[in-house]
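This report refers to the structure that appears directly beneath it.
The values are calculated or read from the model by the stated rules, or taken from the named source; none is laboratory data. All figures in this text were calculated on a predicted structure; none of them were measured in a lab. Here the Cβ positions follow ideal geometry from the backbone for every residue, glycine too, while neighbour counts run over all protein chains shown. For accessibility, only protein heavy atoms count, side chains too; no ligands or nucleic acids. Shrake-Rupley method; radii C 1.70, N 1.55, O 1.52, S 1.80 Å.
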Amino acid sequence: MKPRDRALRQENAFYKELIGSLPGVFYMTDARGRFLLWNRNLEKVLGLKSDELSGLSAPDIFGEDEKRLIGSKIGEVFQKGEAAVEASLAAKDGAKTPYHFTWRRVERDGEPVLIGMGLDITERNKTHQALQRHKQVIETVRDGFWMTDEQGVLEEVNEAYARMSGYTMQELLGMRISQLEAREQPEEVGAHIDKIMMRGHDCFETRHRRKDGSVFDIEVSATFLPECRKFFVFGHDITGRKRAELELRVAAAAFETHDAILITDAQANIIRVNRAFSEITGYSAAEVLGKNPRIMNSGKQDRAFYTRMWQQLLSGGAWAGEIWDRRKNGEIYPKWLSITAVKNGRQETTQYVAIFSDITERKRIEEKIRNLAFYDTLTELPNRRLLIERLRAALPASARRRDYGAVLLLDMDRFKVLNDTLGHDCGDLMLVEVANRIKSCVRGMDTVARLGGDEFVVLIEGVSRDEQDASRKVGMVAEKIREVLARPYRIKKREHYSSPSIGIAMYRDHGESVDALLRHADLAMYQAKNSGRNAVCFFDRVMQDNAERHDALEGDLRHAVGHGELRLYYQVQVDNAQHPVGAEALLRWEHPQRGLMLPDQFIPVAEESELILEIGRWALTEACTQLARWRDDARMRQMTLTVNISARQFARADFVGQVGTLIGQYRIGPKRLKLELTEGVVTGDLTGAVEKIKALRNIGVDLAMDDFATVYSSLHYLKNLSSDQLKIHRDVVRGVTSSEGGDAQLVQAIVDLARNMDLRIFAEGVETEAQFAFLKRHDCKAYQGYLFSKPVPLEELQALMDRQR
């Protein structure tokens, strides 16, 4: 071998060894993306052998969802000379590893080639995510937080401290802590900083000065970390506590309030109580002085509860929360309790002051509203809302256990005859008897619900893992219910005969939705009716064939979205004087064969697919476009426009960004756009929903909570969602002037609650003057319904506005 060839071979071996030892992955491709050279790390990450890799091109080693991006980036390299991207390598076994790639174009033997180098960024991503979580925690705590360097210069601060101080977060960054300190001089602050650096930690009380010059008390907990030479500080605003302590010392007259007051010494022995204490608890002062408050312990809170209470009281000097106690007569009652530690000049606790109020009535109202929302007032059975919640829990539970359950849907044959001949009071008596008979046929763990009218549902869970055995058992239960319900009914000394038609839908892990399951049971029930009534029928696939029209409708809807068949109609909204103040944008579909279709006819189909997102985005964009046109129209420029937002649309991560972009794009006032939400937007993620709603409110958009009266589930939702307006559903409005049912009481309860929470009440579906008058008397401020106008095209709305003028 010639010396020159030997040297060339040695040089190639050297470069090959050098490439093989590079950190991360390395490869070279030709202009068509085919691999020419690569290092061992690339084979290891991909789990491929050399001969397997040689047959691939560069985009093939990435995930399917990134191939298009990689292809465009490679093209960019050959055009511009270099590029960088973050993407995941897809191994042979399906594992994905994130890498940061740098690509460069070079010449090799006169031909352009691409050199790619990638570094594993898995750990970097984990660190970034941990940092983001850390920042999220800091941003969500109620206490102030700031980080400073060794000189006390603020380098990081949270929104809570910005609110405390009156500065913006941007203004605070770069300030010295001595500029905020109101008690210590700058040299004293410097000495304090040195002290904390030596000790590593300190907790103390001081005073800070706000941007407007006012001063507030703050409790500071500071930690110095030598490894990063930073101070991490949390500050708790104790202005209220200090004020309370002062008031307790100097305002003896305030002792006799409507709230109960109990004062103990430092050892928690009662030394004084007020008159309200005796009225609430039943104990006289003489009976409790010198005793520990635990004599009123109800036993409903465990030892851990009181341990946490005292830990917070001892560390923070105050505690507040809901607790259950026992009166002298043995009655257990709920109360709202706040405890404050009173300290002397040496910061020693001398007394504890407890203030509490009896919240029995508030609890009763909450329970009443919950029952109105979740239970049928006539039969006291779960209503549709509660049934749906239990079904949503039952389906995944069945999938986990891999056993069968069933839904039985039934109604009573010839029930209308009884109502028409004997009256609704007799019909109600029969429905109560039907409910009791059904409950007598099932287990305590099964759910019996009333959907409305004479329609009932039975949910049977955990029947059997064997399909035939499960069907046999469910059939026996259904037959028992049929036989019991077919017996004569003795109503007001007269016998009435009726029988049920029962449809059964079995379920397991077939991925069926709640709506589909109920639809199957409904199809089976109507098959039972068609077969002669007083019968039981199981759902089968023949019935499914009849439901295929549903799929055809979905196909037509897909065509409609892309071919401009959707329209917005507008229903005017008025104030107490019936003056127009806004409108609600309502969807309509001009179907080529079926004509104008209402949302109820196609929105449920859209919600079962991704179409609801496209439709929702179109409706929101169209509404913003219309608001922009109204800006220059004297008739319409003050009108608000309400747009309904579906739960799936709201759940999109970019939803808030979409709204902000549209407002900016069309240059509309955000207060003129109102988004109408249902409680369905928070059932999966309350915390995430609250953050989105806060972000929307920061933009300036008004929010309305729809269907509150019919889908209300917890005061917890309402307290956290911070909506501007509650909307009373048309189904409730329809019954407010009726002597039957609890709609009037429900409206009153919701209005009372909204007034306490400073929320506006809006009623839809107002069709009669009587309904309007009732709602007006109950402090409703805005209305919508056929009494004022039906939903109309834009031209008719503008004509209506002309007539109003």
Share of Cα-Cα pairs in the stretch 142-194 beyond 12 Å, whole percent, is 62 percent
Work out, step by step, the length gained on full extension between residue 770 and residue 578: first 0.36 nm times the residue separation, then minus their alpha carbon distance; give nm to one decimal. 67.7 nm
Round to the nearest 0.05 the FRET efficiency obtained for residue 439 and residue 366 when R0 = 22 Å and r is the Cβ-Cβ distance. 0.25
Would the stretch 520-612 count as rounded, prolate or oblate if I go by the C-alpha gyration tensor, calling it rounded below 1.5 in a/c and otherwise prolate when a/b exceeds b/c, oblate otherwise? oblate
For the stretch 229-388, average projected area of the Cα convex hull in nm²: 15.2 nm²
FRET efficiency for residue 515 and residue 109, Cβ-Cβ distance as r, R0 = 60 Å, nearest 0.05? 0.40
Run through all the Cα pairs of the stretch 643-707 and give the fraction in each 5 Å bin from 0, expressed as whole percent. 4, 18, 32, 29, 13, 4, 1
Any idea what % of Cα-Cα pairs in the stretch 421-468 are farther than 18 Å? 42 percent
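Out of all Cα-Cα pairs in the stretch 183-307, roughly what percent, to the nearest whole number, are more than 21 Å apart?
62 percent
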Would you list which lysines come within 22 Å of residue 80, measuring only between C-alpha atoms, while excluding same-chain residues fewer than 8 positions from it? 67
What net charge is computed for the residues neighbouring residue 320, neighbours being all others with C-beta under 12 Å from the C-beta of residue 320, Lys and Arg scored +1, Asp and Glu -1? +1
The stretch 727-787: translational diffusion in µm²/s, Stokes-Einstein, Kirkwood Rh over Cα pairs, 37 °C, 0.692 mPa s: 291 µm²/s
If r is the Cβ-Cβ distance from residue 37 to residue 129 and R0 is 51 Å, what FRET efficiency results, to the nearest 0.05? 0.90
Stokes-Einstein D (µm²/s) once Rh is taken as the Kirkwood radius of the stretch 58-121 over alpha-carbon pairs, at 25 °C in 0.890 mPa s: 201 µm²/s
Using the heavy atoms of the protein chains and a 1.4 angstrom probe, tell me the accessible area per residue for the chain in square angstrom. 52 Å²
Please list log₁₀ I(q)/I(0) at q = 0.07, 0.10 Å⁻¹ for the chain, using the Debye equation with identical point scatterers on the alpha-carbon positions. -0.86, -1.34
Distance in nm between residue 744 and residue 550 label points, each 7 Å along Cα→Cβ, equals 4.0 nm
Report the label-to-label distance for residue 168 and residue 92 in nanometres (one decimal), using points 7 Å from each Cα along the Cα→Cβ vector. 5.7 nm
Of every hundred units of 1.4 Å-probe accessible area on the chain, the number belonging to carbon and sulfur atoms, as a percent, is 50 percent
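Over the chain, what relative contact order in percent results from Cα pairs under 8 Å that are six or more residues apart? Numbers along the way, then the final one.
On the way: 1342 pairs, mean separation 45.0, N = 805.
The value is 6 percent.
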By average C-beta atoms within 10 angstrom, highest first, the peptides 495-507, 410-422, 660-672: 495-507, 410-422, 660-672
What dipole magnitude, in Debye to the nearest 20, does the chain give about its Cα centre under +1 on Lys/Arg Cβ and -1 on Asp/Glu Cβ? 860 debye
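Indicate the gyration tensor shape class of the stretch 409-510 (rounded, prolate or oblate), computed on the Cα atoms with a ≥ b ≥ c the square roots of the eigenvalues: a/c under 1.5 is rounded; otherwise a/b larger than b/c is prolate and the rest oblate.
prolate
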Stretch gain in nm, segment residue 295-residue 194, where the contour uses 0.36 nm per residue and the Cα spacing is subtracted: 31.5 nm
Could you check the spin-label model distance between residue 631 and residue 302? Points 7 Å from the Cα along Cα→Cβ, value in nm. 6.0 nm
